[in-house]
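All remarks here apply to the structure that follows.
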Amino acid sequence: MQEARERKLKGHPEKVVEEISNKFRFTQGEQGGVLRYLIDGLDLSQYGVGNAVTRMSQDVEFYDRATELEAVGGKIFTMPTSSWTVLDKVA
């Protein structure tokens, strides 16, 4: 988790959220919510993106989808540096 906190976004936050949304198949509403929580959280790092996704899970209507979003947040927290770098560079 500490490493994820140290990996700051180099790309545009909007584009990073878009890439993650495409990769994990978020709806437009989920994508917008993740971006909003990322900005509200003032943590533009890999950790902040994971937090934004897990926070978004609290807003969805269905338990199964909330669980899926929680799992995605966990994947983002633990994403290796190489995968994060590729994702961040695309954005």
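The values are calculated or read from the model by the stated rules, or taken from the named source; none is laboratory data. Keep in mind that what you see is a predicted model, and the values were worked out from it rather than measured. In this analysis, Cβ positions are derived from the backbone assuming ideal geometry, glycine residues included, and neighbour counts consider all displayed protein chains.
At-a-glance table
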{"quantity": "Failed item in (1) on the phi > 0 side of the Ramachandran plot; (2) crowded, with 20+ Cβ neighbours inside 10 Å; (3) of a type in the set (A, V, I, L, M), with L38 passing the rest", "calculated": "(1)"}
{"quantity": "Those residues of segment 72-91 which are in contact with a helix residue (DSSP H, G or I) (Cβ under 6 Å, 6 or more places away or on another chain), part of a helix (DSSP H, G or I) and among the aliphatic types (A, V, I, L, M), in sequence order", "calculated": "V72, I76, L87, V90"}
{"quantity": "Every pair of residues 6+ apart whose Cβ atoms lie under 7 Å, when the first sits in segment 64-91 and is among the aromatic types (F, W, Y) while the second is assigned to a helix (DSSP H, G or I)", "calculated": "F77/A4; F77/Y47; F77/G50; W84/Q46"}
{"quantity": "Qualifying positions in segment 31-64 - within 24 Å of P80 (Cβ to Cβ), charged (D, E, K, R) and not in a loop (DSSP other than H, G, I, E, B)", "calculated": "R55"}
{"quantity": "Hits in segment 36-54 - residues which are of a type outside the set (A, V, I, L, M, F, W, C), under 9 Å from the mean Cα position of the chain (by Cα) and more than 11 Å from P13 (Cα to Cα)", "calculated": "Y47, G50, N51, T54"}
{"quantity": "Flag for A4 being among the small types (G, A, S) and modelled with pLDDT of 90 or more", "calculated": "no"}
{"quantity": "So R5, is it touching a strand residue (DSSP E or B) at 6+ places or on another chain (Cβ under 8 Å) and assigned to a helix (DSSP H, G or I)", "calculated": "yes"}
